[in-house]
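The values are calculated or read from the model by the stated rules, or taken from the named source; none is laboratory data. Owing to the predicted nature of the structure, the values given are computational and were not obtained by experimental measurement. Reconstructed Cβ throughout: ideal geometry from the backbone, glycine too, with neighbour counts over all protein chains shown.
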There are 2 protein chains.
Amino acid sequence: MNSESKTTRLIRQTFKDFLVSKGLRITNQRLAILDAAYDCSDHFTAEDLLERSREIDSSVSRATVYRALPILIESKLIRQVDVGLEHKFYMANRNANTFQAQVICSDCEKIFEIDAPFMDWYGKTVADKLALHVESQRLQVTAHCDELKVAGVCKRKC
Amino acid sequence: MNSESKTTRLIRQTFKDFLVSKGLRITNQRLAILDAAYDCSDHFTAEDLLERSREIDSSVSRATVYRALPILIESKLIRQVDVGLEHKFYMANRNANTFQAQVICSDCEKIFEIDAPFMDWYGKTVADKLALHVESQRLQVTAHCDELKVAGVCKRKC
DNA sequence: GTGCTTGCAAAGACTTTGCAAACTT
DNA sequence: AAGTTTGCAAAGTCTTTGCAAGCAC
């Protein structure tokens with residue numbers, strides 16, 4: 001049972017604990033939205049999330065998705081990935097500890113998440129200069145696909 | 001005459017050349033919008049730009065600002081600075097050659113632009129791993145103001 | 001039962017677009 | 001004169017909000 005794996009249960013429990021700790025209620029819609037988010041291996045938009053949530057619980061409405069997103073972000077179970085494209089993206093926060101950078105292919109608009117531990121140190125150094133305390137950092141690299149330019153196709157489904 | 005400085009003339013000429021090279025027309029509104037953008041030492045939103053443009057040429061409309069922004073960005077005279085705050089920001093591209101990072105104060109939402117030449121190397125290295133060719137990079141550090149937390153005030157007008 | 005949550009539809013915020021008049025070339 | 005560009009207002013897109021009914025506790 002994929003939906004009952006050990007990890008899934010742990011994630012759900014974390015979310016439930018978070019809701020309780022905030023005096024919020026555990027609802028089927030919120031759980032469906034959480035599961036839908038973790039069902040995506042990739043980045044997703046609010047609209048994607050609505051669609052996937054509805055496959056799990058058809059009663060989920062757009063409003064509920066938009067209301068759930070800030071909660072999921074605050075709980076650190078998902079994070080916002082704003083890459084300056086048309087839409088805002090989100091993704092499940094599977095490895096919250098390493099600093100992640102995004103490489104965005106401008107040909108196919110695919111977003112790659114990569115570890116960039118060095119950034120962490122650098123960002124802190126930079127903020128120290130301004131006497132600010134770092135909360136979060138983002139490194140985004142926009143790039144185009146060499147393969148696509150040459151061969152007209154990109155192996156990574158660009 | 002501030003509006004007739006050497007730099008200003010150079011910028012205007014660059015823009016005019018760009019327009020001509022694209023078969024677009026040189027209009028007072030477009031020039032007003034360009035001047036307004038370079039009149040800001042800081043980041044600005046589309047709405048800010050409308051307001052400032054109208055001080056130069058009161059006939060500038062919101063639609064024209066929105067139509068001019070992509071042209072100004074394509075000409076590299078301004079660039080978009082998307083920091084994931086409420087609005088999209090833009091800024092004059094005064095030093096296009098150095099990689100810029102943004103440090104965003106989450107207390108006052110002020111945005112500091114800093115040089116981060118090392119990022120450039122790092123971003124390229126990272127993109128090379130994926131066989132992509134770097135177009136642009138952004139490093140954004142969100143931080144909060146220590147002074148504000150302690151003293152309730154921030155010298156840099158946080 | 002109490003009061004947080006929900007879905008719906010309407011409202012909001014920001015941006016884009018259709019059209020006739022005005023302007024650049 | 002020919003064809004772009006403009007301002008206006010309307011339409012779009014994405015997101016938020018008000019409200020009464022429904023649900024978790």
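Filter region B:66-94 down to the residues that are free of Cβ contacts under 8 Å to residues at least 12 places away in the same chain and within 12 Å of DNA strand D (Cβ to nearest atom) and list them by number.
Residues satisfying the conditions are B:ARG67, B:PRO70, B:GLU86.
Of all residues in region B:44-60, count the ones that are more than 8 Å from DNA strand C (Cβ to nearest atom) and touching a Lys or Arg at 6+ places or on another chain (Cβ under 9 Å).
The number of residues fulfilling the criteria is 3.
Give me a count of the residues in region B:32-65 that are within 9 Å of DNA strand D (Cβ to nearest atom) and within 17 Å of B:MET91 (Cβ to Cβ).
Count: 3.
Would you be able to tell me the number of residues in region B:54-83 that are farther than 28 Å from A:THR142 by Cβ and buried (at least 19 other Cβ atoms within 10 Å of the Cβ)?
Number of matching residues: 1.
When you go through (1) surrounded by 18 or more Cβ atoms within 10 Å (Cβ to Cβ); (2) over 16 Å from A:MET91 (Cβ atoms); (3) among the aliphatic types (A, V, I, L, M) one by one for A:VAL20, which number turns out not to apply?
(1)
Please work out if A:SER136 is of a type in the set (Gly, Ala, Ser), surrounded by 14 or more Cβ atoms within 10 Å (Cβ to Cβ), at negative phi and modelled with pLDDT under 75.
When the stated conditions are applied, A:SER136 passes them.
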